[in-house]
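Participant: Could you have a look at this structure, given as C-alpha coordinates, before my questions?
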Amino acid sequence: MNDSNNTYAALFNAQKNNQYIVGNTTYRERIKTLKSLKLALEVTFKQEIRDALYNDFKKPQLETDLTEIYPVIDEINFVSQHLKSWLKPQKVDTPMALLGSSSWIKNESKGVCLIISPWNFPVNLTFGPLVSAIAAGNTVILKPSEMTPHTSKVMSKIVKAIFNTNEVALVEGEVEVSQELLKLPFNHIFFTGSPNVGKIVMEAASKHLTSVTLELGGKSPVIIDDTSNLDKAVKKIIFGKFLNAGQTCIAPDYVFVNESITSEFKSAFKKYLTEFYTENPSASDSFGRIVNQKHFNRLKGYLEDAISRNAVIELGGTLEEQDNYIEPTLVFNASEDSDLMQNEIFGPILPIKTYAKTDEVVNYINSKEKPLALYIFSKNKKTSDYIINNTRAGSTCINHNLLQFLNHNLPFGGSNNSGIGKSHGLYGFLEFTNQRSVLRQHTFGAVDLLMPPYTNFKQKIVDLTIKWF
Ligand code: NAD
(Lines give C-alpha, C1' and ligand atoms only; values in the text may rest on other atoms or scores of the structure.)
Protein backbone atom coordinates (compact mmCIF):
# COMPACT_ATOMS: atom_id res chain seq x y z
CA MET A 1 0.00 0.00 0.00
CA ASN A 2 1.43 3.43 -0.92
CA ASP A 3 0.92 6.79 0.82
CA SER A 4 -2.01 7.94 -1.28
CA ASN A 5 -3.90 4.71 -0.55
CA ASN A 6 -3.41 5.37 3.16
CA THR A 7 -4.66 8.91 2.61
CA TYR A 8 -7.84 7.71 0.87
CA ALA A 9 -8.47 5.13 3.58
CA ALA A 10 -7.93 7.79 6.27
CA LEU A 11 -10.30 10.15 4.48
CA PHE A 12 -12.87 7.40 4.13
CA ASN A 13 -12.58 6.50 7.82
CA ALA A 14 -12.89 10.14 8.90
CA GLN A 15 -16.12 10.38 6.91
CA LYS A 16 -17.31 7.03 8.25
CA ASN A 17 -16.77 8.23 11.83
CA ASN A 18 -18.69 11.40 11.04
CA GLN A 19 -21.56 9.80 9.13
CA TYR A 20 -24.11 9.80 11.99
CA ILE A 21 -23.48 13.44 12.82
CA VAL A 22 -24.06 14.41 9.19
CA GLY A 23 -26.89 11.89 8.83
CA ASN A 24 -28.74 13.36 11.82
CA THR A 25 -28.63 16.98 10.65
CA THR A 26 -31.99 18.69 10.19
CA TYR A 27 -33.44 19.75 6.85
CA ARG A 28 -32.71 23.36 7.82
CA GLU A 29 -29.00 22.62 8.37
CA ARG A 30 -28.77 20.77 5.06
CA ILE A 31 -30.47 23.60 3.20
CA LYS A 32 -28.03 26.05 4.80
CA THR A 33 -25.13 23.98 3.44
CA LEU A 34 -26.75 23.85 0.00
CA LYS A 35 -27.22 27.62 0.05
CA SER A 36 -23.45 28.03 0.64
CA LEU A 37 -22.82 25.93 -2.46
CA LYS A 38 -25.34 28.04 -4.36
CA LEU A 39 -23.59 31.26 -3.35
CA ALA A 40 -20.23 29.84 -4.42
CA LEU A 41 -21.57 28.95 -7.89
CA GLU A 42 -23.74 31.99 -8.40
CA VAL A 43 -21.38 34.64 -7.07
CA THR A 44 -18.03 33.86 -5.45
CA PHE A 45 -16.58 31.40 -7.96
CA LYS A 46 -18.77 32.09 -11.01
CA GLN A 47 -16.09 33.81 -13.11
CA GLU A 48 -13.42 31.28 -12.08
CA ILE A 49 -15.71 28.46 -13.23
CA ARG A 50 -16.32 30.19 -16.57
CA ASP A 51 -12.58 30.76 -17.07
CA ALA A 52 -11.68 27.20 -16.09
CA LEU A 53 -14.14 25.66 -18.56
CA TYR A 54 -12.89 27.99 -21.28
CA ASN A 55 -9.32 26.93 -20.51
CA ASP A 56 -10.27 23.26 -20.49
CA PHE A 57 -12.14 23.16 -23.82
CA LYS A 58 -13.21 26.64 -24.86
CA LYS A 59 -16.69 26.19 -23.52
CA PRO A 60 -18.62 29.36 -24.44
CA GLN A 61 -19.57 31.43 -21.38
CA LEU A 62 -23.29 31.25 -22.10
CA GLU A 63 -23.10 27.45 -22.28
CA THR A 64 -21.24 27.37 -18.96
CA ASP A 65 -23.90 29.51 -17.31
CA LEU A 66 -26.79 27.58 -18.88
CA THR A 67 -25.52 24.00 -18.68
CA GLU A 68 -23.11 23.95 -15.74
CA ILE A 69 -24.15 26.61 -13.22
CA TYR A 70 -27.90 26.98 -13.75
CA PRO A 71 -28.85 23.25 -13.44
CA VAL A 72 -27.05 22.93 -10.07
CA ILE A 73 -28.64 26.12 -8.72
CA ASP A 74 -32.02 24.94 -9.98
CA GLU A 75 -31.46 21.57 -8.27
CA ILE A 76 -30.57 23.34 -5.00
CA ASN A 77 -33.71 25.52 -5.23
CA PHE A 78 -35.92 22.49 -5.95
CA VAL A 79 -34.42 20.40 -3.16
CA SER A 80 -34.69 23.30 -0.69
CA GLN A 81 -38.41 23.60 -1.44
CA HIS A 82 -39.12 19.92 -0.86
CA LEU A 83 -36.57 18.60 1.62
CA LYS A 84 -38.73 19.13 4.70
CA SER A 85 -41.45 16.86 3.33
CA TRP A 86 -38.97 14.27 1.97
CA LEU A 87 -37.41 13.90 5.41
CA LYS A 88 -40.70 13.57 7.29
CA PRO A 89 -41.40 10.00 8.42
CA GLN A 90 -44.05 8.70 5.99
CA LYS A 91 -46.85 6.89 7.78
CA VAL A 92 -48.21 3.83 5.99
CA ASP A 93 -51.42 1.84 6.54
CA THR A 94 -51.52 -1.08 8.95
CA PRO A 95 -53.02 -4.38 7.72
CA MET A 96 -55.73 -5.99 9.93
CA ALA A 97 -53.41 -8.82 10.89
CA LEU A 98 -51.03 -6.27 12.46
CA LEU A 99 -53.63 -4.35 14.46
CA GLY A 100 -52.05 -2.85 17.53
CA SER A 101 -49.04 -1.53 15.64
CA SER A 102 -48.20 1.45 13.43
CA SER A 103 -45.63 1.70 10.62
CA TRP A 104 -43.67 4.38 8.79
CA ILE A 105 -40.80 4.87 6.38
CA LYS A 106 -37.75 6.83 7.49
CA ASN A 107 -35.62 8.22 4.66
CA GLU A 108 -32.20 7.77 6.24
CA SER A 109 -28.77 8.57 4.80
CA LYS A 110 -26.82 5.70 3.28
CA GLY A 111 -23.50 6.81 4.86
CA VAL A 112 -20.26 7.45 2.98
CA CYS A 113 -20.75 7.99 -0.75
CA LEU A 114 -18.42 8.23 -3.74
CA ILE A 115 -19.30 10.41 -6.73
CA ILE A 116 -17.21 9.86 -9.87
CA SER A 117 -17.94 12.36 -12.65
CA PRO A 118 -17.03 12.82 -16.34
CA TRP A 119 -15.41 15.79 -18.07
CA ASN A 120 -18.14 16.89 -20.44
CA PHE A 121 -20.26 18.85 -17.91
CA PRO A 122 -17.85 18.66 -14.97
CA VAL A 123 -19.51 21.17 -12.65
CA ASN A 124 -23.07 20.05 -13.36
CA LEU A 125 -22.29 16.33 -13.07
CA THR A 126 -20.13 16.64 -9.95
CA PHE A 127 -22.16 19.13 -7.93
CA GLY A 128 -25.60 18.02 -9.20
CA PRO A 129 -25.34 14.55 -7.55
CA LEU A 130 -23.60 16.20 -4.57
CA VAL A 131 -26.77 18.25 -3.94
CA SER A 132 -28.82 15.03 -3.75
CA ALA A 133 -26.22 13.35 -1.52
CA ILE A 134 -26.15 16.30 0.92
CA ALA A 135 -29.95 16.50 0.92
CA ALA A 136 -30.02 12.85 1.95
CA GLY A 137 -27.51 13.48 4.78
CA ASN A 138 -24.45 11.64 3.45
CA THR A 139 -20.75 12.32 3.63
CA VAL A 140 -19.15 12.39 0.17
CA ILE A 141 -15.86 11.90 -1.61
CA LEU A 142 -15.87 13.49 -5.08
CA LYS A 143 -13.58 12.34 -7.89
CA PRO A 144 -13.93 14.54 -10.99
CA SER A 145 -12.41 13.66 -14.36
CA GLU A 146 -8.71 14.12 -14.99
CA MET A 147 -9.51 15.51 -18.46
CA THR A 148 -10.75 18.91 -17.24
CA PRO A 149 -8.03 19.83 -14.70
CA HIS A 150 -8.72 23.58 -14.55
CA THR A 151 -12.33 22.95 -13.62
CA SER A 152 -11.38 20.26 -11.08
CA LYS A 153 -9.07 22.79 -9.42
CA VAL A 154 -11.84 25.37 -9.02
CA MET A 155 -14.27 22.71 -7.76
CA SER A 156 -11.65 21.64 -5.22
CA LYS A 157 -11.37 25.26 -4.00
CA ILE A 158 -15.15 25.48 -3.66
CA VAL A 159 -15.35 22.23 -1.68
CA LYS A 160 -12.50 23.31 0.62
CA ALA A 161 -14.17 26.68 1.20
CA ILE A 162 -17.47 25.13 2.31
CA PHE A 163 -16.83 21.70 3.84
CA ASN A 164 -14.65 19.92 6.36
CA THR A 165 -13.01 16.89 4.77
CA ASN A 166 -14.99 14.59 7.08
CA GLU A 167 -18.15 15.93 5.39
CA VAL A 168 -17.26 16.41 1.73
CA ALA A 169 -13.84 16.06 0.12
CA LEU A 170 -12.71 16.32 -3.50
CA VAL A 171 -9.84 14.18 -4.73
CA GLU A 172 -8.10 15.20 -7.96
CA GLY A 173 -5.98 12.90 -10.10
CA GLU A 174 -5.79 10.31 -12.84
CA VAL A 175 -7.85 7.16 -13.39
CA GLU A 176 -5.67 5.32 -10.85
CA VAL A 177 -7.16 7.53 -8.13
CA SER A 178 -10.66 6.32 -9.03
CA GLN A 179 -9.39 2.76 -9.08
CA GLU A 180 -7.96 3.10 -5.55
CA LEU A 181 -11.10 4.79 -4.24
CA LEU A 182 -13.24 2.01 -5.73
CA LYS A 183 -11.52 -0.50 -3.42
CA LEU A 184 -13.06 1.16 -0.35
CA PRO A 185 -16.36 -0.09 1.13
CA PHE A 186 -18.54 2.90 0.25
CA ASN A 187 -22.24 2.80 1.10
CA HIS A 188 -23.19 4.17 -2.31
CA ILE A 189 -21.37 4.97 -5.55
CA PHE A 190 -22.83 7.46 -8.01
CA PHE A 191 -20.96 7.16 -11.30
CA THR A 192 -21.47 9.20 -14.47
CA GLY A 193 -19.51 8.10 -17.51
CA SER A 194 -19.29 5.52 -20.27
CA PRO A 195 -20.97 2.09 -20.17
CA ASN A 196 -17.53 0.38 -20.29
CA VAL A 197 -16.24 2.12 -17.17
CA GLY A 198 -19.70 1.69 -15.61
CA LYS A 199 -19.12 -2.08 -15.74
CA ILE A 200 -15.76 -1.66 -13.95
CA VAL A 201 -17.45 0.44 -11.26
CA MET A 202 -20.25 -2.08 -10.79
CA GLU A 203 -17.78 -4.94 -10.50
CA ALA A 204 -15.77 -3.07 -7.86
CA ALA A 205 -18.98 -2.18 -5.99
CA SER A 206 -20.05 -5.83 -5.95
CA LYS A 207 -17.07 -6.69 -3.72
CA HIS A 208 -18.70 -4.74 -0.88
CA LEU A 209 -22.32 -5.04 -2.08
CA THR A 210 -22.25 -1.27 -2.46
CA SER A 211 -25.35 0.12 -4.16
CA VAL A 212 -24.71 2.00 -7.41
CA THR A 213 -26.23 4.65 -9.57
CA LEU A 214 -24.78 4.44 -13.06
CA GLU A 215 -25.52 7.38 -15.35
CA LEU A 216 -24.12 6.12 -18.64
CA GLY A 217 -24.30 6.92 -22.34
CA GLY A 218 -24.88 5.36 -25.72
CA LYS A 219 -26.36 6.26 -29.08
CA SER A 220 -29.46 8.46 -28.76
CA PRO A 221 -31.57 8.48 -31.94
CA VAL A 222 -33.78 11.23 -33.38
CA ILE A 223 -36.75 10.54 -35.64
CA ILE A 224 -38.20 13.26 -37.88
CA ASP A 225 -41.40 12.29 -39.65
CA ASP A 226 -43.11 13.99 -42.59
CA THR A 227 -45.64 15.81 -40.36
CA SER A 228 -43.03 17.64 -38.29
CA ASN A 229 -42.34 21.35 -38.52
CA LEU A 230 -39.04 20.81 -40.30
CA ASP A 231 -37.54 24.28 -39.77
CA LYS A 232 -38.15 24.18 -36.04
CA ALA A 233 -36.99 20.56 -35.78
CA VAL A 234 -33.70 21.26 -37.57
CA LYS A 235 -32.98 24.36 -35.47
CA LYS A 236 -33.55 22.44 -32.25
CA ILE A 237 -31.45 19.48 -33.38
CA ILE A 238 -28.54 21.75 -34.35
CA PHE A 239 -28.75 23.35 -30.90
CA GLY A 240 -28.94 19.94 -29.14
CA LYS A 241 -26.22 18.30 -31.20
CA PHE A 242 -23.60 21.06 -31.38
CA LEU A 243 -23.96 22.45 -27.85
CA ASN A 244 -20.73 21.57 -26.01
CA ALA A 245 -19.35 20.60 -29.47
CA GLY A 246 -21.51 17.46 -29.42
CA GLN A 247 -19.97 16.17 -26.17
CA THR A 248 -23.29 15.69 -24.40
CA CYS A 249 -24.59 12.33 -23.17
CA ILE A 250 -28.13 13.05 -24.38
CA ALA A 251 -27.13 14.80 -27.63
CA PRO A 252 -28.69 13.36 -30.79
CA ASP A 253 -26.27 10.66 -31.92
CA TYR A 254 -27.88 10.00 -35.31
CA VAL A 255 -31.04 11.12 -37.11
CA PHE A 256 -33.69 9.15 -39.00
CA VAL A 257 -35.38 11.46 -41.54
CA ASN A 258 -38.46 10.43 -43.47
CA GLU A 259 -37.23 9.93 -47.04
CA SER A 260 -39.91 12.26 -48.47
CA ILE A 261 -38.34 15.30 -46.74
CA THR A 262 -34.63 14.55 -47.11
CA SER A 263 -33.73 17.38 -49.46
CA GLU A 264 -35.69 19.97 -47.46
CA PHE A 265 -33.93 18.65 -44.35
CA LYS A 266 -30.48 19.19 -45.94
CA SER A 267 -31.30 22.74 -47.05
CA ALA A 268 -32.72 23.67 -43.62
CA PHE A 269 -29.65 22.20 -41.93
CA LYS A 270 -27.27 24.25 -44.05
CA LYS A 271 -29.34 27.42 -43.53
CA TYR A 272 -29.51 27.19 -39.72
CA LEU A 273 -25.99 25.89 -39.23
CA THR A 274 -24.72 29.04 -40.99
CA GLU A 275 -27.18 31.21 -39.05
CA PHE A 276 -25.97 29.76 -35.72
CA TYR A 277 -22.22 29.49 -36.30
CA THR A 278 -21.52 31.52 -39.53
CA GLU A 279 -19.78 30.05 -42.59
CA ASN A 280 -16.70 29.55 -40.40
CA PRO A 281 -17.67 27.95 -37.06
CA SER A 282 -14.02 27.85 -35.93
CA ALA A 283 -14.18 31.63 -35.51
CA SER A 284 -17.56 31.56 -33.76
CA ASP A 285 -17.73 32.31 -30.03
CA SER A 286 -20.74 30.01 -29.81
CA PHE A 287 -18.96 26.77 -30.67
CA GLY A 288 -16.57 24.86 -28.38
CA ARG A 289 -13.71 22.42 -28.93
CA ILE A 290 -13.06 18.71 -28.46
CA VAL A 291 -11.77 18.17 -24.94
CA ASN A 292 -8.32 16.82 -25.86
CA GLN A 293 -6.18 15.29 -28.59
CA LYS A 294 -7.13 11.73 -27.67
CA HIS A 295 -10.81 12.42 -28.31
CA PHE A 296 -9.98 14.55 -31.38
CA ASN A 297 -8.09 11.59 -32.86
CA ARG A 298 -10.91 9.21 -31.95
CA LEU A 299 -13.43 11.36 -33.86
CA LYS A 300 -11.04 11.92 -36.76
CA GLY A 301 -10.66 8.13 -36.97
CA TYR A 302 -14.46 7.68 -37.02
CA LEU A 303 -14.76 10.10 -39.95
CA GLU A 304 -11.90 8.51 -41.91
CA ASP A 305 -13.31 5.04 -41.32
CA ALA A 306 -16.80 6.15 -42.45
CA ILE A 307 -15.42 7.80 -45.60
CA SER A 308 -13.40 4.67 -46.44
CA ARG A 309 -16.72 2.79 -46.36
CA ASN A 310 -18.42 5.21 -48.81
CA ALA A 311 -20.01 7.66 -46.38
CA VAL A 312 -20.72 11.10 -47.89
CA ILE A 313 -19.95 14.32 -46.01
CA GLU A 314 -22.84 16.67 -46.87
CA LEU A 315 -21.79 19.57 -44.69
CA GLY A 316 -18.67 20.44 -42.67
CA GLY A 317 -15.80 17.99 -42.37
CA THR A 318 -13.02 20.51 -41.60
CA LEU A 319 -10.63 19.47 -38.82
CA GLU A 320 -7.92 21.61 -37.18
CA GLU A 321 -5.66 19.40 -35.10
CA GLN A 322 -3.71 22.15 -33.31
CA ASP A 323 -6.96 23.48 -31.81
CA ASN A 324 -8.89 20.20 -31.38
CA TYR A 325 -11.50 21.73 -33.69
CA ILE A 326 -14.00 19.64 -35.60
CA GLU A 327 -16.53 21.51 -37.72
CA PRO A 328 -20.22 20.61 -37.31
CA THR A 329 -20.44 17.76 -39.80
CA LEU A 330 -23.39 16.06 -41.48
CA VAL A 331 -22.74 12.55 -42.82
CA PHE A 332 -24.99 10.53 -45.14
CA ASN A 333 -24.68 6.89 -46.11
CA ALA A 334 -22.52 5.79 -43.14
CA SER A 335 -22.33 2.02 -43.28
CA GLU A 336 -23.71 0.07 -40.34
CA ASP A 337 -20.36 -1.56 -39.57
CA SER A 338 -18.50 1.77 -39.47
CA ASP A 339 -17.11 3.07 -36.16
CA LEU A 340 -19.50 6.01 -36.51
CA MET A 341 -22.55 3.74 -36.33
CA GLN A 342 -21.10 1.23 -33.86
CA ASN A 343 -19.98 3.66 -31.12
CA GLU A 344 -21.40 6.59 -29.20
CA ILE A 345 -20.07 9.53 -31.27
CA PHE A 346 -19.76 12.16 -28.53
CA GLY A 347 -18.65 14.90 -30.90
CA PRO A 348 -20.00 17.26 -33.59
CA ILE A 349 -20.55 14.61 -36.27
CA LEU A 350 -24.14 13.71 -37.14
CA PRO A 351 -24.96 10.71 -39.33
CA ILE A 352 -28.29 10.86 -41.15
CA LYS A 353 -30.33 7.82 -42.13
CA THR A 354 -33.52 7.88 -44.17
CA TYR A 355 -36.60 5.71 -43.74
CA ALA A 356 -39.96 5.04 -45.35
CA LYS A 357 -42.05 3.27 -42.67
CA THR A 358 -42.04 3.95 -38.90
CA ASP A 359 -41.58 0.24 -38.20
CA GLU A 360 -38.18 0.27 -39.92
CA VAL A 361 -37.01 2.81 -37.36
CA VAL A 362 -38.57 0.99 -34.41
CA ASN A 363 -36.97 -2.31 -35.46
CA TYR A 364 -33.59 -0.66 -35.96
CA ILE A 365 -33.64 1.00 -32.54
CA ASN A 366 -34.76 -2.23 -30.87
CA SER A 367 -31.87 -4.12 -32.46
CA LYS A 368 -29.45 -1.90 -30.47
CA GLU A 369 -28.83 -1.22 -26.78
CA LYS A 370 -31.57 0.81 -25.05
CA PRO A 371 -30.70 4.48 -25.66
CA LEU A 372 -30.27 7.08 -22.93
CA ALA A 373 -32.61 9.39 -24.88
CA LEU A 374 -34.90 8.96 -27.87
CA TYR A 375 -36.25 12.02 -29.68
CA ILE A 376 -39.31 12.27 -31.89
CA PHE A 377 -40.24 15.21 -34.09
CA SER A 378 -43.80 14.69 -35.28
CA LYS A 379 -47.19 16.42 -35.12
CA ASN A 380 -48.88 13.05 -35.27
CA LYS A 381 -49.65 11.85 -31.73
CA LYS A 382 -50.40 8.34 -32.98
CA THR A 383 -46.89 8.10 -34.43
CA SER A 384 -45.16 9.37 -31.29
CA ASP A 385 -47.31 7.10 -29.08
CA TYR A 386 -46.52 4.14 -31.32
CA ILE A 387 -42.77 4.79 -31.14
CA ILE A 388 -42.85 5.28 -27.36
CA ASN A 389 -44.93 2.14 -26.78
CA ASN A 390 -42.78 -0.05 -29.00
CA THR A 391 -39.29 1.00 -27.93
CA ARG A 392 -37.47 1.36 -24.60
CA ALA A 393 -35.26 4.32 -23.59
CA GLY A 394 -34.11 6.24 -20.52
CA SER A 395 -36.04 9.35 -21.57
CA THR A 396 -37.92 10.81 -24.52
CA CYS A 397 -38.51 14.35 -25.63
CA ILE A 398 -41.15 15.02 -28.29
CA ASN A 399 -40.63 17.98 -30.63
CA HIS A 400 -37.42 19.05 -28.87
CA ASN A 401 -34.22 17.60 -27.46
CA LEU A 402 -32.19 17.83 -24.20
CA LEU A 403 -35.00 19.65 -22.34
CA GLN A 404 -36.08 16.57 -20.39
CA PHE A 405 -32.83 16.98 -18.40
CA LEU A 406 -34.00 20.35 -17.08
CA ASN A 407 -37.31 19.26 -15.51
CA HIS A 408 -36.49 18.20 -11.96
CA ASN A 409 -39.91 16.59 -11.59
CA LEU A 410 -38.72 13.96 -14.09
CA PRO A 411 -36.32 11.16 -13.16
CA PHE A 412 -33.15 11.38 -15.28
CA GLY A 413 -31.20 8.28 -16.26
CA GLY A 414 -30.88 5.35 -18.61
CA SER A 415 -31.98 1.75 -18.72
CA ASN A 416 -29.57 -1.22 -18.69
CA ASN A 417 -26.64 -0.29 -20.99
CA SER A 418 -27.49 3.42 -20.75
CA GLY A 419 -27.75 3.37 -16.97
CA ILE A 420 -29.03 2.01 -13.68
CA GLY A 421 -30.90 4.25 -11.24
CA LYS A 422 -32.04 7.85 -11.62
CA SER A 423 -30.98 11.35 -10.68
CA HIS A 424 -32.59 14.79 -10.14
CA GLY A 425 -35.09 16.03 -7.60
CA LEU A 426 -36.83 13.41 -5.50
CA TYR A 427 -35.32 10.60 -7.61
CA GLY A 428 -31.76 11.76 -6.94
CA PHE A 429 -32.53 12.15 -3.23
CA LEU A 430 -33.96 8.61 -3.05
CA GLU A 431 -30.89 7.22 -4.80
CA PHE A 432 -28.75 8.40 -1.85
CA THR A 433 -31.31 7.30 0.73
CA ASN A 434 -32.18 4.07 2.48
CA GLN A 435 -35.94 3.78 2.85
CA ARG A 436 -35.90 2.24 6.30
CA SER A 437 -39.08 0.44 7.35
CA VAL A 438 -40.09 0.95 10.98
CA LEU A 439 -42.96 -0.83 12.77
CA ARG A 440 -43.86 0.02 16.34
CA GLN A 441 -45.96 -2.42 18.38
CA HIS A 442 -48.28 -0.47 20.70
CA THR A 443 -50.46 -3.16 22.24
CA PHE A 444 -50.82 -6.90 22.26
CA GLY A 445 -51.14 -8.04 18.59
CA ALA A 446 -52.72 -11.00 16.81
CA VAL A 447 -49.36 -12.52 15.90
CA ASP A 448 -48.53 -12.82 19.63
CA LEU A 449 -51.32 -15.40 19.87
CA LEU A 450 -49.60 -17.66 17.39
CA MET A 451 -46.31 -18.43 19.07
CA PRO A 452 -45.32 -22.06 19.78
CA PRO A 453 -46.47 -24.52 20.83
CA TYR A 454 -48.68 -24.71 17.72
CA THR A 455 -52.13 -26.04 18.64
CA ASN A 456 -55.24 -26.82 16.59
CA PHE A 457 -56.79 -23.61 17.89
CA LYS A 458 -53.82 -21.58 16.58
CA GLN A 459 -54.04 -23.44 13.26
CA LYS A 460 -57.69 -22.32 13.00
CA ILE A 461 -56.69 -18.69 13.59
CA VAL A 462 -54.09 -18.97 10.79
CA ASP A 463 -56.73 -20.56 8.49
CA LEU A 464 -59.13 -17.70 9.22
CA THR A 465 -56.40 -15.09 8.74
CA ILE A 466 -55.47 -16.51 5.30
CA LYS A 467 -59.17 -16.63 4.32
CA TRP A 468 -60.34 -13.25 5.61
CA PHE A 469 -57.43 -10.86 6.04
P1 NAD B 1 -15.39 7.74 -18.73
O2 NAD B 1 -16.26 6.58 -18.45
O3 NAD B 1 -14.17 7.54 -19.55
O4 NAD B 1 -14.89 8.42 -17.38
C5 NAD B 1 -15.78 8.80 -16.35
C6 NAD B 1 -15.03 8.87 -15.03
O7 NAD B 1 -14.55 7.58 -14.73
C8 NAD B 1 -13.84 9.82 -15.02
O9 NAD B 1 -13.83 10.53 -13.79
C10 NAD B 1 -12.64 8.91 -15.11
O11 NAD B 1 -11.53 9.39 -14.39
C12 NAD B 1 -13.15 7.63 -14.45
N13 NAD B 1 -12.54 6.42 -15.02
C14 NAD B 1 -12.14 6.22 -16.30
N15 NAD B 1 -11.64 4.98 -16.45
C16 NAD B 1 -11.72 4.38 -15.24
C17 NAD B 1 -11.36 3.10 -14.73
N18 NAD B 1 -10.80 2.19 -15.52
N19 NAD B 1 -11.60 2.83 -13.43
C20 NAD B 1 -12.15 3.75 -12.63
N21 NAD B 1 -12.51 4.98 -13.04
C22 NAD B 1 -12.29 5.31 -14.33
O23 NAD B 1 -16.36 8.85 -19.39
P24 NAD B 1 -16.01 10.27 -19.92
O25 NAD B 1 -15.18 10.16 -21.16
O26 NAD B 1 -15.50 11.13 -18.84
O27 NAD B 1 -17.48 10.80 -20.30
C28 NAD B 1 -18.11 10.41 -21.46
C29 NAD B 1 -19.13 9.32 -21.23
O30 NAD B 1 -19.98 9.66 -20.15
C31 NAD B 1 -20.07 9.13 -22.41
O32 NAD B 1 -20.34 7.76 -22.59
C33 NAD B 1 -21.32 9.88 -22.00
O34 NAD B 1 -22.49 9.47 -22.66
C35 NAD B 1 -21.35 9.57 -20.54
N36 NAD B 1 -22.12 10.57 -19.82
C37 NAD B 1 -23.29 10.20 -19.26
C38 NAD B 1 -24.08 11.15 -18.61
C39 NAD B 1 -25.39 10.80 -17.99
O40 NAD B 1 -25.90 11.62 -17.23
N41 NAD B 1 -25.97 9.66 -18.26
C42 NAD B 1 -23.61 12.47 -18.54
C43 NAD B 1 -22.40 12.78 -19.11
C44 NAD B 1 -21.64 11.84 -19.74
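Participant: Any idea how far apart Lys379 and Gln47 come out in nm if each label point goes 7 Å out from Cα toward Cβ?
Facilitator: Simple spin-label model gives 4.9 nm for this pair.
Participant: Right, here's the next one. Round to the nearest 10 and give me the degree value, 0 to 90, for the angle of helix 46-57's Cα axis relative to the longest principal axis of the chain.
Facilitator: 60 degrees
Participant: Using a cut-off of under 12 Å, list every residue of segment 426-469 whose amide N is near the label point 7 Å from the Cα of Thr94 along the Cα-to-beta-carbon line.
Facilitator: Those under the cut-off are 439-447.
Participant: Please give me the summed charge of the neighbours of Phe121: other residues whose Cβ is under 12 Å from its Cβ, Lys and Arg +1, Asp and Glu -1.
Facilitator: With Lys, Arg at +1 and Asp, Glu at -1, the neighbours total -3.
Participant: Related question: Mind giving me the nanometre distance, one decimal, between the label points for Asn310 and Ser194, set 7 Å out from Cα along Cα→Cβ?
Facilitator: 3.0 nm
Participant: On to the next question. Using a 10 Å cut-off on Cβ atoms, rank the peptides 143-151, 118-126 from the highest mean neighbour count down.
Facilitator: Highest-to-lowest ranking by the protection proxy: 118-126, 143-151.
Participant: Let me ask another. Just to confirm the filter: which GluC sites (Glu not before Pro) across segment 212-303 are DSSP coil and have at most 12 other Cβ within 10 angstrom of their Cβ?
Facilitator: Values: sites: Glu215, Glu259, Glu264, Glu275, Glu279; in loops: Glu279.
Sites meeting the loop and neighbour criteria: Glu279.
Participant: Extension gain Thr274-Thr465, at 0.36 nm per residue separation less the Cα-Cα distance, in nm?
Facilitator: Stretched out fully, the Thr274 to Thr465 stretch lengthens by 61.4 nm.
Participant: Same structure, new question: So if we plug the beta-carbon distance of Arg440 and Ser206 into 1/(1 + (r/R0)^6) with R0 = 30 Å, what FRET efficiency do we get, rounded to 0.05?
Facilitator: 0.30
Participant: For Leu299, what charge total do you get from the other residues with a beta carbon under 15 Å from its beta carbon, if Lys and Arg give +1 and Asp and Glu give -1?
Facilitator: With Lys, Arg at +1 and Asp, Glu at -1, the neighbours total -3.
Participant: Calculate the spin-label point distance for Thr7 paired with Phe239, positioning each point 7 Å from the Cα along the beta-carbon direction, and give it in nanometres.
Facilitator: Label-label distance for Phe239 and Thr7, simple model: 4.4 nm.
Participant: Write out the trypsin sites (Lys or Arg not before Pro) in segment 140-219 meeting two conditions: DSSP loop, and at most 12 other Cβ atoms within 10 Å of their Cβ.
Facilitator: Passing sites in segment 140-219 are Lys207.
Participant: Also: Note down the net charge around Asn416, summing +1 for each Lys or Arg and -1 for each Asp or Glu among other residues with Cβ under 10 Å from its Cβ.
Facilitator: +1
Participant: With n ≥ 4 as the cut-off for DSSP H runs, can you work out [θ] at 222 nm for the chain, using -39500 (n - 2.57) per run divided by the number of residues, rounded to the nearest 500?
Facilitator: -13500 deg cm²/dmol
Participant: Still on this structure: Rounded to the nearest whole Å², what accessible area per residue is found for segment 221-413 with the 1.4 Å probe? Kindly include the intermediate steps, with their values, before the conclusion.
Facilitator: Details: 8070 Å² over 193 residues.
So segment 221-413 comes to 42 Å² accessible per residue, rounded to a whole number.
Participant: How many angstrom lie between the Cα centre of segment 210-274 and the Cα centre of segment 11-78?
Facilitator: Taking the Cα centre of each part, segment 210-274 and segment 11-78 sit 30 Å apart.
Participant: Same structure again: Round to the nearest 0.05 the FRET efficiency obtained for Asn24 and Ala161 when R0 = 30 Å and r is the Cβ-Cβ distance.
Facilitator: 0.80
Participant: Restricting to DSSP loop positions (anything but H, G, I, E, B) with no more than 13 other Cβ atoms inside 10 Å of their own Cβ, which GluC sites (Glu not before Pro) remain in segment 324-393?
Facilitator: Sites meeting the loop and neighbour criteria: Glu336.
The values are calculated or read from the model by the stated rules, or taken from the named source; none is laboratory data. Since we're looking at a predicted model, the values are computed, not measured. Quick reminder, even Gly has a Cβ in these numbers, built from the backbone with ideal geometry, and neighbours come from all protein chains shown. Accessible surface areas use protein heavy atoms only, side chains included; no ligands, DNA or RNA. Shrake-Rupley method; radii C 1.70, N 1.55, O 1.52, S 1.80 Å.
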